[in-house]
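The structure appears right after this line, and notes come after that.
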Amino acid sequence: MHPASPFRSTSTILLFLKAPRCGDVKTRLARHTDPERAVQIYRALAERQCTQLPENSRIEIHYTPHDAALEMHQWLGHRYEFYPQCEGALGLRLERSVAAAFARGASSTVCIGGDCPMLDRVHFEQTAVALENGYDVVFGPSEDGGYYLIGLNAPQPRLFQGIPWSAHNTLSRSLSKATELGLRIKQLETLYDIDEITELQRALDAGRLPPELMHQFD
């Protein structure tokens with residue numbers, strides 16, 4: 001039994017995922033194994049993440065490409081809401097998705113991906129508490145210089161504009177932008193995403209992924 005979560009029913013988590021298609025996901029990992037196994041790893045990561053989502057929050061799956069609705073439902077079922085991401089760079093997709101969630105009645109939004117194996121319920125609870133206590137934006141820093149989570153109490157479209165995405169300074173530029181906008185900032189602990197084989201091994205050693213994935217790299 002999980003303790004009561006501070007998440008309100010009007011809080012919305014936006015989980016950004018790609019359709020699990022060979023050649024489209026975990027391409028750097030695929031160089032060490034093959035596209036089919038990379039898909040298995042991607043699916044395992046996203047499925048683990050789904051087990052850590054707060055039970056009383058509204059969950060939206062924001063997927064790409066836009067024609068993947070059937071695949072996503074077949075993969076993750078019908079307990080979530082599914083929305084296609086718009087075309088364009090990550091910043092625009094985040095901006096539009098967050099704005100749409102608030103337009104649907106969200107009191108706060110938390111955007112995440114599916115490839116941070118250490119992202120647990122406690123991080124969502126810490127985010128909720130921070131947003132309830134006057135912080136405007138919450139960042140979950142990644143070791144690679146990006147962020148694995150961003151929580152907001154309002155859309156803040158300018159926060160996603162002019163940012164170098166998937167870069168070593170993604171977070172630092174985002175923090176500077178938030179400061180320029182006069183936002184009160186909270187940072188969570190630094191975690192790692194899985195993009196390379198060494199990061200995958202860390203997650204396997206920590207028991208964060210099914211052990212049967214281990215034999216693929218023996």
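The values are calculated or read from the model by the stated rules, or taken from the named source; none is laboratory data. If you're wondering where the values come from, they're calculated on a predicted model, not measured in any experiment. Virtual Cβ from ideal backbone geometry, glycine too; neighbours counted across all protein chains shown. Heavy atoms of the whole protein, side chains included, go into the accessibility calculation; ligands, DNA and RNA do not. Shrake-Rupley method; radii C 1.70, N 1.55, O 1.52, S 1.80 Å.
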- [ ] Tell me what the chain gives for mean residue ellipticity at 222 nm when only DSSP H runs of n ≥ 4 count, each as -39,500 (n - 2.57), the sum divided by the residue total, rounded to 500 deg cm²/dmol.
- [x] -10500 deg cm²/dmol
TODO: Using only the Cα atoms of the stretch 14-148, build the gyration tensor, take square roots of its eigenvalues as a ≥ b ≥ c, and label the shape rounded, prolate or oblate: rounded if a/c is under 1.5, else prolate if a/b is larger than b/c, else oblate.
DONE: prolate
Task: Cα gyration tensor shape for the stretch 135-218, rounded if a/c is under 1.5, else prolate or oblate - done: prolate
TODO: Quote to one decimal, in nm, the extra length available between Ala206 and Cys22 on full extension: 0.36 nm per residue of separation minus the C-alpha distance between them.
DONE: 63.6 nm
Open item on the list: Using only the alpha-carbon atoms, how far is helix 170-180 inclined from the longest principal axis of the chain? Give it as 0 to 90 degrees, nearest 10.
Closed with: 0
Task: Lys/Arg +1, Asp/Glu -1 at C-beta; the chain dipole; positive extreme among Leu191, Gly105, Gln201 - done: Gly105
- [ ] Could you tell me the distance between the Cα centroids of the stretch 167-218 and the stretch 20-40, to the nearest Å?
- [x] 18
Open item on the list: I'd like the Karplus ³J(HN,Hα) series for the stretch 42-58: coefficients 6.51, -1.76, 1.60, θ = phi - 60°, whole numbers in Hz, and an x wherever there's a Gly or Pro.
Closed with: 4, 4, 5, 4, 5, 5, 4, 4, 4, 6, 9, 7, x, 5, 9, 9, 7
- [ ] Ignoring everything but the protein chains, give the 1.4 Å probe accessible area of Cys50 in square angstrom, nearest 10.
- [x] 20
Task: ³J(HN,Hα) computed for each position of the stretch 62-72 - Karplus, 6.51 cos²θ - 1.76 cosθ + 1.60, integer Hz, glycine/proline x - done: 9, 10, 9, x, 5, 8, 9, 4, 5, 4, 5
Open item on the list: I want the local charge near Pro210. Using Cβ-Cβ distances under 11 Å, sum +1 for each Lys or Arg and -1 for each Asp or Glu among the other residues.
Closed with: +1
Open item on the list: Give me, ordered by chain and number, the residues 5 or more places off Phe82 or on other chains with an amide H under 5 Å from its own placed amide H.
Closed with: Ile61
Task: Note, ³J(HN,Hα) from phi for the stretch 128-142, Karplus 6.51, -1.76, 1.60, rounded to Hz, x at Gly and Pro - done: 4, 5, 4, 5, 5, 9, x, 6, 8, 9, 10, 10, x, x, 9
Task: Cα shape, the stretch 1-94, gyration tensor, a/c 1.5 rule - done: prolate
